[in-house]
């Protein structure tokens, strides 16, 4: 039993300073250790949240464990006029030393949760009436563009970004869906030009896309036009030119993205055919005067479509199904004269 008592004293002190001392029969000393440990912890959580105080707490805890072991060994060898706790009162004292710090920790966690929930509620609360903001965004858009718009859904507030957003579309062209924003500092902006020119670019290139990449092979596709703030400032919002006109006037300020994820087995037998398709996309950009473009195509095994269906989203969980990708930008394509020249931009994923 002697070794067991030593281990119990060490284990109790390891749980919390003072518990092992009380088990050794040193009740006053145990409560002194307990009081000092609680005080140091409270100081570290309030006034002195410093790393050096954490080291002091750790060293004090180690001292408590070592002291409990040394005294327990002395009792075991008969060199201490003490005895290990054997009555219920002693165990109640030990329980107090262990339970009180546990209650303090639980109280701290509950308080932190309460504060966090209140904080989330506060930052998530819109600073203005959403209905009022929605009217302001609609008035801003109609005044800016001289058109009538209709909201698609309700205005939403993003507390982390600090702005309201409203999905909108023109009454005369419901294919163009874009967002209007009101920021916390009062500024308003929107994505009308980008969305309008996206649709016009898609109408221009989609017949070629449909011919080469049938819808049944397309998983996801992005055909986007990037519009810089400097270009937006050059456009009269009440007399917006077509995408083709803007591209002709500002060819270096209208980058486009052609990005596709395909359910398509690529191998040696059809590699040349797929390179030919990418070459035709490059030729299209050249013929239309598109100076800045990025073509990015990823091929996935067709069995992915059979196994998972079409409604899944592109993600890393399906990375094992990837076989190849082709990535080429306008600057690289300047040296491309034949489909064969695209082989160096074809990457095969390792299996």
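The values are calculated or read from the model by the stated rules, or taken from the named source; none is laboratory data. If you're wondering where the values come from, they're calculated on a predicted model, not measured in any experiment. Glycine also receives a Cβ, built like all others from the backbone with ideal geometry; neighbour counts cover every protein chain displayed.
Taking strands (runs of 3 or more DSSP E) that fall entirely within region 206-309, which contain at least 1 residues that are over 27 Å from residue 196 (Cβ atoms) and in contact (Cβ under 8 Å) with a residue 60 or more places away in the chain? Write out each step before concluding.
Details: elements: 218-225, 256-263, 293-300.
Per the criteria, 293-300.
Restricted to region 73-82, and to residues that are part of a loop (DSSP other than H, G, I, E, B) and surrounded by fewer than 16 Cβ atoms within 10 Å (Cβ to Cβ), which residue is modelled with the highest pLDDT? Going through the qualifying residues, I end up with 77. Report, by residue number, each residue of region 232-247 that is surrounded by 11 or more Cβ atoms within 10 Å (Cβ to Cβ) and within 22 Å of residue 143 (Cβ to Cβ). Residues satisfying the conditions are 232, 234, 235, 237, 240, 241. Scanning region 1-51 for residues that are assigned to a helix (DSSP H, G or I) and modelled with pLDDT under 80 yields 2, 45, 51. Being under 25 Å from residue 202 (Cβ atoms) and buried (at least 17 other Cβ atoms within 10 Å of the Cβ) is the requirement here; does residue 298 meet it? Yes: the conditions hold for residue 298.
Taking region 21-41 as the range and being surrounded by 13 or more Cβ atoms within 10 Å (Cβ to Cβ) and within 20 Å of residue 104 (Cα to Cα) as the test, the residues that pass are 30, 31, 32, 33, 34, 35, 36, 37, 38, 40, 41.
When each of 85, 99, 70, 65 is tested for being assigned to a helix (DSSP H, G or I) and in contact (Cβ under 8 Å) with a residue 12 or more places away in the chain, the lone residue that passes is 65.
Is it the case, given these coordinates, that residue 257 is touching a helix residue (DSSP H, G or I) at 6+ places or on another chain (Cβ under 7 Å) and either more than 17 Å from residue 220 (Cα to Cα) or assigned by TED's automatic domain parsing to the domain that holds residue 214 (or both)? No, not satisfied.
If you go through region 320-331 and pick out every residue that is assigned to a helix (DSSP H, G or I) and surrounded by fewer than 16 Cβ atoms within 10 Å (Cβ to Cβ), you end up with 2.
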